[in-house]
Amino acid sequence: YTAFSVQVAITDMCLYTDGVYPQFSGYDLVTDFFLRFYGGISYDIVQQQDIQKGDFDHSRQTTTWDRPEFVKGIRYISKDKDSFLNFMRFYASRKGSYKPFWYPYAEIYIRPLSVSGSSFTVSDPKGELASIDRENLAIFNGGSWSALKIISKTTVLGVTTFLMDSPVGDFDFAHFLTLHRLEADRLSVSTLGGGIMELNTSFCEMVKQP
(Lines give C-alpha, C1' and ligand atoms only; values in the text may rest on other atoms or scores of the structure.)
Protein backbone atom coordinates (compact mmCIF):
# COMPACT_ATOMS: atom_id res chain seq x y z
CA TYR A 1 0.00 0.00 0.00
CA THR A 2 1.40 3.37 -1.03
CA ALA A 3 -0.09 6.70 -0.01
CA PHE A 4 0.46 9.75 -2.15
CA SER A 5 -1.01 13.16 -2.75
CA VAL A 6 -1.14 15.43 -5.78
CA GLN A 7 -1.19 19.21 -5.69
CA VAL A 8 -1.95 21.20 -8.82
CA ALA A 9 -1.11 24.90 -8.97
CA ILE A 10 -1.99 27.15 -11.88
CA THR A 11 0.59 29.90 -12.19
CA ASP A 12 -0.16 32.91 -14.34
CA MET A 13 3.11 34.59 -15.26
CA CYS A 14 2.67 38.17 -16.47
CA LEU A 15 3.91 37.87 -20.05
CA TYR A 16 3.36 39.78 -23.25
CA THR A 17 4.70 39.33 -26.77
CA ASP A 18 3.58 42.32 -28.81
CA GLY A 19 5.75 45.36 -29.49
CA VAL A 20 5.38 48.81 -28.03
CA TYR A 21 4.23 50.83 -31.00
CA PRO A 22 1.99 52.19 -32.44
CA GLN A 23 0.71 54.27 -29.51
CA PHE A 24 2.11 51.73 -27.07
CA SER A 25 -0.24 49.08 -28.47
CA GLY A 26 -3.25 51.02 -27.28
CA TYR A 27 -2.41 50.64 -23.59
CA ASP A 28 -2.82 53.71 -21.42
CA LEU A 29 0.15 55.60 -20.05
CA VAL A 30 -0.80 56.01 -16.38
CA THR A 31 1.15 58.74 -14.60
CA ASP A 32 -1.26 61.00 -12.75
CA PHE A 33 -2.43 59.13 -9.65
CA PHE A 34 0.61 57.29 -8.43
CA LEU A 35 3.38 59.76 -9.15
CA ARG A 36 1.73 62.56 -7.22
CA PHE A 37 -0.33 61.12 -4.42
CA TYR A 38 0.72 57.57 -3.66
CA GLY A 39 1.33 56.83 0.00
CA GLY A 40 3.93 54.16 -0.64
CA ILE A 41 5.04 51.23 -2.78
CA SER A 42 6.19 47.85 -1.51
CA TYR A 43 7.78 45.12 -3.62
CA ASP A 44 7.43 41.35 -3.65
CA ILE A 45 9.60 39.22 -5.92
CA VAL A 46 7.89 35.96 -6.84
CA GLN A 47 9.37 33.01 -8.73
CA GLN A 48 8.09 29.50 -9.31
CA GLN A 49 10.49 26.87 -7.99
CA ASP A 50 10.63 23.07 -8.45
CA ILE A 51 12.60 21.28 -5.74
CA GLN A 52 13.37 17.60 -6.21
CA LYS A 53 14.79 15.77 -3.24
CA GLY A 54 16.80 12.61 -3.93
CA ASP A 55 18.74 10.06 -1.92
CA PHE A 56 21.52 10.96 0.52
CA ASP A 57 20.00 14.39 1.14
CA HIS A 58 20.77 15.55 -2.40
CA SER A 59 18.26 17.94 -3.96
CA ARG A 60 17.86 19.86 -7.18
CA GLN A 61 16.15 23.23 -7.57
CA THR A 62 14.93 24.48 -10.95
CA THR A 63 12.50 27.01 -12.41
CA THR A 64 10.82 27.41 -15.78
CA TRP A 65 10.59 31.20 -15.40
CA ASP A 66 13.18 33.30 -17.20
CA ARG A 67 12.95 35.99 -14.53
CA PRO A 68 11.01 36.56 -11.32
CA GLU A 69 7.67 38.33 -11.19
CA PHE A 70 7.75 41.79 -9.62
CA VAL A 71 4.59 42.57 -7.65
CA LYS A 72 4.13 46.15 -6.42
CA GLY A 73 1.84 46.84 -3.51
CA ILE A 74 0.30 50.28 -4.06
CA ARG A 75 -0.88 52.35 -1.09
CA TYR A 76 -2.79 55.28 -2.57
CA ILE A 77 -3.90 58.20 -0.41
CA SER A 78 -6.93 60.05 -1.79
CA LYS A 79 -7.27 63.54 -0.36
CA ASP A 80 -10.55 64.56 -1.97
CA LYS A 81 -13.60 63.16 -3.73
CA ASP A 82 -12.30 63.79 -7.25
CA SER A 83 -9.03 61.90 -6.71
CA PHE A 84 -10.95 59.00 -5.14
CA LEU A 85 -13.35 58.80 -8.08
CA ASN A 86 -10.47 59.02 -10.57
CA PHE A 87 -8.74 56.08 -8.92
CA MET A 88 -11.96 54.03 -8.85
CA ARG A 89 -12.55 54.72 -12.55
CA PHE A 90 -9.02 53.57 -13.31
CA TYR A 91 -9.44 50.43 -11.21
CA ALA A 92 -12.82 49.58 -12.73
CA SER A 93 -11.38 49.90 -16.24
CA ARG A 94 -8.62 47.37 -15.44
CA LYS A 95 -10.31 44.69 -13.34
CA GLY A 96 -11.70 41.40 -14.59
CA SER A 97 -9.62 40.76 -17.68
CA TYR A 98 -6.19 42.01 -16.54
CA LYS A 99 -6.04 44.90 -18.97
CA PRO A 100 -2.45 46.18 -19.19
CA PHE A 101 -1.26 49.75 -18.76
CA TRP A 102 2.11 51.51 -18.93
CA TYR A 103 3.42 52.64 -15.56
CA PRO A 104 6.66 54.55 -14.80
CA TYR A 105 9.21 53.63 -12.16
CA ALA A 106 8.66 56.70 -10.01
CA GLU A 107 11.49 55.63 -7.69
CA ILE A 108 14.18 56.13 -10.36
CA TYR A 109 14.68 59.70 -11.57
CA ILE A 110 16.68 60.26 -14.75
CA ARG A 111 17.80 63.88 -15.09
CA PRO A 112 19.59 64.92 -18.30
CA LEU A 113 23.01 66.53 -18.41
CA SER A 114 22.65 67.40 -22.09
CA VAL A 115 20.21 66.73 -24.92
CA SER A 116 21.05 66.47 -28.62
CA GLY A 117 18.61 65.24 -31.22
CA SER A 118 17.51 61.71 -30.35
CA SER A 119 20.06 61.24 -27.56
CA PHE A 120 20.76 62.61 -24.10
CA THR A 121 23.36 62.03 -21.39
CA VAL A 122 22.98 61.43 -17.65
CA SER A 123 25.39 61.11 -14.76
CA ASP A 124 25.78 57.40 -14.00
CA PRO A 125 29.01 56.88 -11.98
CA LYS A 126 28.33 53.21 -11.17
CA GLY A 127 26.67 52.30 -14.47
CA GLU A 128 23.42 51.45 -12.70
CA LEU A 129 21.11 53.12 -15.22
CA ALA A 130 22.89 51.43 -18.10
CA SER A 131 22.39 48.01 -16.50
CA ILE A 132 18.60 48.27 -16.07
CA ASP A 133 16.96 46.12 -18.76
CA ARG A 134 13.95 48.27 -19.59
CA GLU A 135 13.14 49.31 -23.14
CA ASN A 136 11.09 52.50 -22.74
CA LEU A 137 11.08 55.86 -20.99
CA ALA A 138 8.32 58.11 -19.71
CA ILE A 139 9.59 61.68 -20.21
CA PHE A 140 8.21 64.64 -18.27
CA ASN A 141 8.54 68.20 -19.51
CA GLY A 142 6.61 71.30 -18.52
CA GLY A 143 3.64 69.48 -17.02
CA SER A 144 3.10 66.88 -19.75
CA TRP A 145 4.29 63.32 -20.41
CA SER A 146 5.53 61.52 -23.51
CA ALA A 147 6.83 58.01 -24.06
CA LEU A 148 9.82 56.93 -26.15
CA LYS A 149 11.59 53.69 -26.92
CA ILE A 150 15.24 53.18 -25.94
CA ILE A 151 17.43 52.09 -28.87
CA SER A 152 20.70 51.77 -26.93
CA LYS A 153 22.60 52.83 -23.80
CA THR A 154 26.37 53.31 -23.57
CA THR A 155 28.48 54.38 -20.58
CA VAL A 156 31.85 56.15 -20.75
CA LEU A 157 33.64 57.55 -17.69
CA GLY A 158 30.51 57.63 -15.53
CA VAL A 159 28.25 59.23 -18.13
CA THR A 160 25.53 57.16 -19.82
CA THR A 161 24.18 58.15 -23.22
CA PHE A 162 20.61 57.15 -24.09
CA LEU A 163 19.76 56.87 -27.79
CA MET A 164 16.00 57.06 -28.37
CA ASP A 165 13.84 56.18 -31.37
CA SER A 166 12.87 59.82 -32.04
CA PRO A 167 14.02 63.34 -31.09
CA VAL A 168 13.84 63.96 -27.36
CA GLY A 169 13.89 67.72 -26.87
CA ASP A 170 14.62 69.37 -23.55
CA PHE A 171 12.91 67.73 -20.58
CA ASP A 172 12.82 67.92 -16.78
CA PHE A 173 13.24 64.24 -15.89
CA ALA A 174 12.34 60.73 -17.02
CA HIS A 175 11.42 57.35 -15.54
CA PHE A 176 11.82 53.87 -16.94
CA LEU A 177 8.48 52.72 -18.31
CA THR A 178 7.13 49.17 -18.20
CA LEU A 179 3.87 47.39 -18.93
CA HIS A 180 1.82 46.43 -15.87
CA ARG A 181 -1.54 44.93 -14.98
CA LEU A 182 -3.51 44.39 -11.78
CA GLU A 183 -1.98 41.50 -9.86
CA ALA A 184 -5.50 40.40 -8.85
CA ASP A 185 -9.03 41.81 -8.61
CA ARG A 186 -8.40 42.93 -5.06
CA LEU A 187 -8.87 46.40 -3.58
CA SER A 188 -9.16 47.51 0.04
CA VAL A 189 -10.54 50.92 1.03
CA SER A 190 -10.15 52.57 4.43
CA THR A 191 -11.42 55.90 5.76
CA LEU A 192 -8.75 57.95 7.54
CA GLY A 193 -11.04 60.86 8.49
CA GLY A 194 -11.33 64.36 7.15
CA GLY A 195 -12.37 63.12 3.71
CA ILE A 196 -9.07 61.24 3.28
CA MET A 197 -9.25 57.67 1.94
CA GLU A 198 -6.60 54.96 1.75
CA LEU A 199 -6.79 52.47 -1.10
CA ASN A 200 -4.56 49.40 -1.35
CA THR A 201 -4.09 47.21 -4.40
CA SER A 202 -1.18 45.63 -6.26
CA PHE A 203 0.30 45.63 -9.77
CA CYS A 204 2.57 43.09 -11.40
CA GLU A 205 5.14 44.04 -14.00
CA MET A 206 4.61 42.21 -17.26
CA VAL A 207 7.61 40.50 -18.82
CA LYS A 208 8.28 40.60 -22.54
CA GLN A 209 8.87 37.14 -23.94
CA PRO A 210 12.01 36.69 -26.08
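Would you please put 107-118, 162-173 in order of how densely packed they are, using the mean number of other Cβ atoms within 10 angstrom per residue and starting with the highest? Show your work: numbers first, answer last.
On the way: 107-118: 13.3, 162-173: 15.2.
Descending mean neighbour count gives 162-173, 107-118.
Quick one: if the Förster radius is 45 Å, what FRET efficiency do Ile196 and Asp165 give, using the C-beta to C-beta distance and rounding to 0.05?
On the way: r = 41 Å, r/R0 = 0.92.
The pair Ile196/Asp165 has a calculated efficiency of 0.60.
For the stretch 153-210, the alpha carbon convex hull comes to 206 Å³ per residue, rounded to a whole number. Note on surface exposure: Thr154, Thr121 rank Thr154, Thr121 by accessible area, highest first, 1.4 Å probe. Taking each of Lys81/Lys149; Lys72/Lys126; Lys79/Lys153; Lys72/Lys153; Lys79/Lys126 in turn, the alpha-carbon distance tops 29 angstrom for Lys81/Lys149; Lys79/Lys153; Lys79/Lys126.
Ranked highest first by average number of other Cβ atoms within 10 Å, how do 80-90, 135-145, 176-186 line up?
On the way: 80-90: 14.3, 135-145: 16.5, 176-186: 18.5.
Highest-to-lowest ranking by the protection proxy: 176-186, 135-145, 80-90.
Along its principal axes, the stretch 61-210 has C-alpha extents of 50, 48, 26 angstrom, given from the largest down. Taking every C-alpha pair closer than 8 Å and separated by at least 6 residues, the mean separation divided by the residue count of the stretch 108-165 gives a relative contact order of 35 percent.
The values are calculated or read from the model by the stated rules, or taken from the named source; none is laboratory data. Since this is a predicted model, take the numbers as computed values, not measurements. A quick note on method: Cβ atoms are made from the backbone with ideal geometry, for glycine too, and the neighbour counts reach across all protein chains shown. Note: areas computed on protein heavy atoms with side chains; ligands, DNA, RNA excluded. Shrake-Rupley method; radii C 1.70, N 1.55, O 1.52, S 1.80 Å.
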